[in-house]
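The values are calculated or read from the model by the stated rules, or taken from the named source; none is laboratory data. Bear in mind the structure is a predicted one, so any value in this text is a computation, not a measurement. Cβ sites come from the backbone with ideal geometry, for glycine too, and all protein chains shown count toward neighbours.
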Amino acid sequence: MKEKITGVILAGGKSTRMGGVDKGLMPFLGETMVNWIIQRLSPQVSNTLINANREIESYKSYGLHVIHDEISDFSGPLAGLHAGMMAANTEFILSVPCDSPMLADDLATRLMDALIKSHADIAVAKTGSQHHPVFCLCRANLSEDLELYLKNGGRKVDEWQKKHAYIEVSFDDNPSAFSNINTPEELKDLESKL
């Protein structure tokens, strides 16, 4: 099934809470956060892309194709998802953020199983009552709908997702996989726990 999925690492934000430093390139346990994501995501998908809007050469050094938002002005994770849809040649896109280095190694399988069983267009990870909309498997043929949503000023990931056949998938057995790092303090805290 992985041959039907392109992985997109979302690293296109401004990282304002990280002091403007690109989060994906921050060191975490001796490697950059994006390198942790690449190692965990790539075995799950047929192709991995990095969505970045700055530090392009640094991201290219990982040997992956780097894509930038086609919708300008740092329009958020949906713009990165849209860029992934436009660049991919697979039926599905799996998006993950660059700031969750403990990514689940069965993310693609579990999201795909749920999506197929429920005949959904979009599957999103969930832990407890919290859903994680950027950990998203969706059908690439939603690209035109997403582009229209963005061009009309839409930016809310879950709002767009819930317009479609949508399912949430529980990962209560592995909540740490969705620990995301937004500040230097959160980075140090997660490192100390590990």
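Some values worked out for this structure:
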| quantity | calculated |
| --- | --- |
| Number of the exception - Gly76 against (1) in contact with a strand residue (DSSP E or B) (Cβ under 6 Å, 6 or more places away or on another chain); (2) at pLDDT below 95; (3) of a type outside the set (Ser, Thr, Tyr); (4) surrounded by fewer than 24 Cβ atoms within 10 Å (Cβ to Cβ) | (1) |
| Every residue from region 24-54 that is surrounded by 24 or more Cβ atoms within 10 Å (Cβ to Cβ), modelled with pLDDT under 95 and either in a helix (DSSP H, G or I) or among the polar types (S, T, N, Q) (or both) | Gly24, Met33 |
| Extreme residue, nearest to Asp106 (Cα to Cα), among residues of region 151-179 that are free of Cβ contacts under 8 Å to residues at least 60 places away in the same chain and assigned to a helix (DSSP H, G or I) | Pro175 |
| Restricting region 79-130 to residues that are surrounded by fewer than 22 Cβ atoms within 10 Å (Cβ to Cβ) and of a type in the set (D, E, K, R), the residue that is farthest from Ile181 (Cα to Cα) | Lys117 |
| Selection count where residues are touching a helix residue (DSSP H, G or I) at 6+ places or on another chain (Cβ under 8 Å), of a type outside the set (D, E, K, R) and assigned to a loop (DSSP other than H, G, I, E, B), scope region 112-129 | 2 |
| Identity of the residue in region 55-91, hydrophobic (A, V, I, L, M, F, W, C) and in a helix (DSSP H, G or I), that ends up farthest from the chain's Cα centre (by Cα) | Ile56 |
| Residues of region 111-167 satisfying the condition of being more than 18 Å from His82 (Cα to Cα), within 17 Å of the chain's Cα centre (by Cα) and of a type in the set (Val, Ile, Thr) | Thr127, Ile167 |
| Set Asn141, Asn182: member being surrounded by fewer than 20 Cβ atoms within 10 Å (Cβ to Cβ), polar (S, T, N, Q) and not in a helix (DSSP H, G or I) | Asn182 |
